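For reference, the structure discussed in these notes is given below.
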Amino acid sequence: MRLRRTAALVAALTITLSGVAACGSGSGADAGNAAGVLNIGMPNGPQTENHNPFLPSSSAASLGYKWMIFEPLVMTSQVKPTEEGKPWLATEWAWSDNFRKLELTIRDGVQWADGKPMTANDVAYTYNLLKATPALNINAIPFGGATATGNKVTVTFTSSQFVNQVDILSSIVVPEHIWSKLKDPGTDTLKDPIGTGPYKLKTFTPQTVTLTRRDTYWQDLPQPKELRYTSYNDNNAQTTALANGSSEWAFTFISNYKAVYVDKDPQHHKLWFPGTLAIHGLFFNTEHKPFDDPALRRAMSMVVDRKDIFNQGEAGYFYPQVTSVTGIPTPAGDAFISDEFKGKNYALDVEGAKKELTSNGYRFDGDTLLDKTGKPVKITLSNPAGWSDYITDLEILKDNFSQLGIDVTVDKANTDAWTTNIDTGEFEAAMHWTNGGATPFDLYQSMMDGTLYKARGEAGTNGNWGRFRNDKATAALDSYANAADDTTRTEAMAELQRTFVEQMPVIVTSAANAGGEYSTKRWVGWPDENNQYAPAQPTLLNSLDVVLHLKPAA
């Protein structure tokens with residue numbers, strides 16, 4: 001199983017928060033749960049202690065507990081990407097100069113866990129820290145600088161940040177009086193994390209991290225008194241813990257989720273996996289003939305049974321099916337689909353695919369497809385052997401492509417070798433994911449941005465793993481990111497969709513998700529299809545919002 005590491009997106013609902021510090025009593029937290037404990041799990045194996053909230057490799061990020069200790073300026077969410085974020089440590093924010101300047105109003109009355117006040121100076125320090133420390137600036141935001149005056153912070157950037165605004169607004173804040181004393185914030189192990197969140201570190205072991213509720217917090221105190229994060233060795237161990245109730249909240253792939261999880265306690269065992277604006281799909285190495293031909297890629301897309309991939313490969317819940325021919329997940333991306341493609345969905349069409357091929361120089365020798373040079377069309381689809389959902393997806397694709405006379409081999413690869421081959425372009429086709437954001441820009445950039453191109457054999461690929469090059473796509477991405485008005489941006493997004501449909505650099509099958517499994521036996525108030533106030537994934541920043549919504553079940 002792969003977890004997409006993406007920045008959080010724009011939030012679903014707006015709430016009004018008090019401008020003064022609040023000391024919540026937490027009364028009622030023990031009802032139905034004598035210890036007031038919430039048990040959270042992830043299948044990430046033994047952890048090495050590091051509570052640095054900026055580093056994706058830290059235990060705090062891996063298990064998600066960083067969001068209970070440190071807080072964002074704006075609470076953003078992947079569920080409703082077009083809606084405004086919730087005010088959090090910032091009460092107001094405004095962009096100007098075509099998203100090259102950001103002004104924030106910082107909430108009064110917030111304290112760090114050590115009792116010192118959180119101020120605008122801490123916010124400005126955090127942004128300047130990211131500018132000065134590339135290892136922490138994982139989104140490569142081109143900061144100009146940040147200054148504080150009173151409760152106001154002004155941040156400048158060297159280029160338009162329309163496509164990065166969510167990453168910037170959802171940034172956490174760290175205390176200057178502690179972090180300024182670190183020798184190297186990019187590499188130092190943070191052992192005593194001090195944040196503005198409602199929890200603080202109690203104990204750490206490689207298997208379990210325990211947080212305890214602070215006595216005071218600027219909002220009403222959350223009901224759970226203690227959060228216990230357990231890192232299980234693998235998906236099976238995590239699933240067993242969910243099934244027997246020892247884990248109450250997790251994000252893991254369960255191949256037979258109804259039988260092994262839901263049916264163990266159908267009244268209380270729940271899950272919700274909403275799609276987000278990122279995708280999973282078959283990336284072609286577009287420099288490998290004959291798959292450099294968009295006609296062949298289009299025809300192959302026409303025979304893919306995406307419903308089968310969803311129901312079998314993704315167990316009918318994990319990665320939602322993508323239906324729009326634009327490759328944009330819906331309903332999250334409905335607002336971005338151009339008029340040209342509204343209502344146009346993928347449909348199985350074997351005969352249409354064959355006509356597409358024969359009209360573009362391909363021919364059939366019995367049941368074998370021959371390319372324009374007369375050679376049989378062959379392709380190897382590769383993914384790591386342990387990624388069971390992807391391997392099932394590849395087997396389905398093999399069967400689909402056989403209908404066009406394509407000879408397909410499924411390579412169940414070694415993970416390290418596969419990762420290296422993807423990075424250096426030494427592959428023919430593979431299931432992969434894209435980045436995600438508040439708009440489809442990120443997913444299209446991951447598939448079609450020529451500025452990310454790396455020649456075959458060159459390492460360091462960060463997007464465009466298929467080595468796709470198209471001047472129209474690259475220009476449209478640049479136009480979208482730097483447009484001075486919405487009309488230009490809308491035109492650029494339409495061009496990106498048009499290029500994707502015509503060129504088909506990736507066969508999009510599934511949307512990424514922001515889901516989770518949870519139990520309502522001891523705690524209620526979880527997000528779900530009917531109450532989409534936040535994603536259900538315990539490693540996203542919204543996990544704090546979820547915990548603040550929880551109430552004892554009794």
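The values are calculated or read from the model by the stated rules, or taken from the named source; none is laboratory data. Note that this is a predicted model, so its numbers are computed, not measured. Please note: Cβ atoms are built from the backbone with ideal geometry, for glycine as well, and neighbour counts cover all protein chains shown. Heads up: the accessible areas ignore ligands, DNA and RNA and are worked out on the full protein's heavy atoms, side chains in. Shrake-Rupley method; radii C 1.70, N 1.55, O 1.52, S 1.80 Å.
Tally time: how many residues in the range 145-189 are out of contact with any helix residue (DSSP H, G or I) (no Cβ under 6 Å at 6 or more places or on another chain), in a strand (DSSP E or B), farther than 20 Å from HIS51 by Cα and open to solvent by less than 30 Å² (accessible area, probe 1.4 Å)? Of the residues in the range 145-189, 2 are out of contact with any helix residue (DSSP H, G or I) (no Cβ under 6 Å at 6 or more places or on another chain), in a strand (DSSP E or B), farther than 20 Å from HIS51 by Cα and open to solvent by less than 30 Å² (accessible area, probe 1.4 Å). The helices (runs of 4 or more DSSP H) falling completely within the range 441-554 that include 3 or more residues that are farther than 30 Å from LEU394 by Cα and of a type in the set (Ser, Thr, Tyr) map to 486-503. Just to check your reading of the model, which residue among ALA483, ALA511 is closer than 30 Å to PRO142 by Cα, small (Gly, Ala, Ser) and under 24 Å from the mean Cα position of the chain (by Cα)? Residue meeting the stated conditions: ALA511.
A quick yes/no check of all residues on (1) within 27 Å of the chain's Cα centre (by Cα); (2) more than 30 Å from VAL37 (Cα to Cα); (3) aliphatic (A, V, I, L, M):
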site	(1), (2), (3)
GLY144	yes, yes, no
VAL155	yes, yes, yes
ILE168	yes, yes, yes
HIS177	no, yes, no
LYS200	yes, no, no
THR216	no, no, no
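Scanning the range 95-126 for residues that are over 30 Å from LYS202 (Cβ atoms) and open to solvent by less than 10 Å² (accessible area, probe 1.4 Å) turns up LEU102, LEU104, ALA120, ALA124.
Filtering the range 308-322 to residues that are closer than 10 Å to ASP393 by Cα and of a type in the set (A, V, I, L, M) leaves only ILE309. For VAL350, the requirement of being β-branched (Val, Ile, Thr) and either open to solvent by less than 10 Å² (accessible area, probe 1.4 Å) or under 30 Å from ALA241 (Cβ atoms) (or both) is not met.
In the set GLY525, GLY463, only one residue is at positive phi, at pLDDT below 95 and either in contact with a helix residue (DSSP H, G or I) (Cβ under 8 Å, 6 or more places away or on another chain) or polar (S, T, N, Q) (or both); that residue is GLY463.
Tally the residues that are over 16 Å from LEU544 (Cβ atoms) and of a type outside the set (Val, Ile, Thr), restricting the search to the range 183-205. Within the range 183-205, residues that are over 16 Å from LEU544 (Cβ atoms) and of a type outside the set (Val, Ile, Thr) number 10. Say whether the condition of being closer than 24 Å to TYR261 by Cβ and open to solvent by 30 Å² or more (accessible area, probe 1.4 Å) is met by at least one residue in the range 495-509. Within the range 495-509, none of the residues are closer than 24 Å to TYR261 by Cβ and open to solvent by 30 Å² or more (accessible area, probe 1.4 Å). Taking the listed residues LEU452, LEU404, LEU394, LEU443, the one that is touching a Ser or Thr at 6+ places or on another chain (Cβ under 6 Å) and not β-branched (Val, Ile, Thr) is LEU443, with no other qualifying.
Within the option set LEU443, LEU477, being in contact with a helix residue (DSSP H, G or I) (Cβ under 6 Å, 6 or more places away or on another chain), crowded, with 23+ Cβ neighbours inside 10 Å and aliphatic (A, V, I, L, M) holds for one residue only, LEU477.
Using the structure shown, decide if ARG214 is in contact with a strand residue (DSSP E or B) (Cβ under 7 Å, 6 or more places away or on another chain), of a type in the set (Lys, Arg) and farther than 30 Å from GLY115 by Cα. No, not satisfied. If you take the residues of the range 190-210 that are touching a Pro at 6+ places or on another chain (Cβ under 9 Å), open to solvent by less than 40 Å² (accessible area, probe 1.4 Å) and of a type in the set (A, V, I, L, M), which of them is farthest from ALA61 (Cα to Cα)? Looking at the filtered set, the residue picked out is ILE194.
Say whether the condition of being within 19 Å of ILE178 (Cβ to Cβ) and part of a strand (DSSP E or B) is met by at least one residue in the range 115-125.
Checking the range 115-125: at least one residue is within 19 Å of ILE178 (Cβ to Cβ) and part of a strand (DSSP E or B).
Going by the conditions given, is LYS372 surrounded by 14 or more Cβ atoms within 10 Å (Cβ to Cβ) and charged (D, E, K, R)? So LYS372 fits the description; yes. Candidates are the residues of the range 521-549 that are closer than 23 Å to ALA243 by Cα and open to solvent by less than 10 Å² (accessible area, probe 1.4 Å); the one that is farthest from the chain's Cα centre (by Cα) is TRP523. Residues in the range 326-337: is at least one over 17 Å from PRO81 (Cβ atoms) and open to solvent by 50 Å² or more (accessible area, probe 1.4 Å)? No, the range 326-337 has no match at all.
Of everything in the range 245-260 that is touching a residue at least 60 places away in the same chain (Cβ under 8 Å) and over 21 Å from LEU63 (Cα atoms), the residue that is surrounded by the fewest Cβ atoms within 10 Å (Cβ to Cβ) is SER255. There is at least one residue in the range 272-284 that is touching a Lys or Arg at 6+ places or on another chain (Cβ under 8 Å) and either of a type in the set (Val, Ile, Thr) or crowded, with 24+ Cβ neighbours inside 10 Å (or both).
Among ALA438, ALA430, which is the only one that is under 18 Å from ASP305 (Cα atoms), among the small types (Gly, Ala, Ser), under 22 Å from the mean Cα position of the chain (by Cα) and crowded, with 19+ Cβ neighbours inside 10 Å? Unique residue meeting the criteria: ALA430.
For TRP465, the test of being crowded, with 19+ Cβ neighbours inside 10 Å, of a type outside the set (D, E, K, R), under 30 Å from GLN238 (Cβ atoms) and more than 23 Å from the chain's Cα centre (by Cα) is failed. What do you reckon, is ALA61 part of a loop (DSSP other than H, G, I, E, B) and small (Gly, Ala, Ser)? So ALA61 does not fit the description; no.
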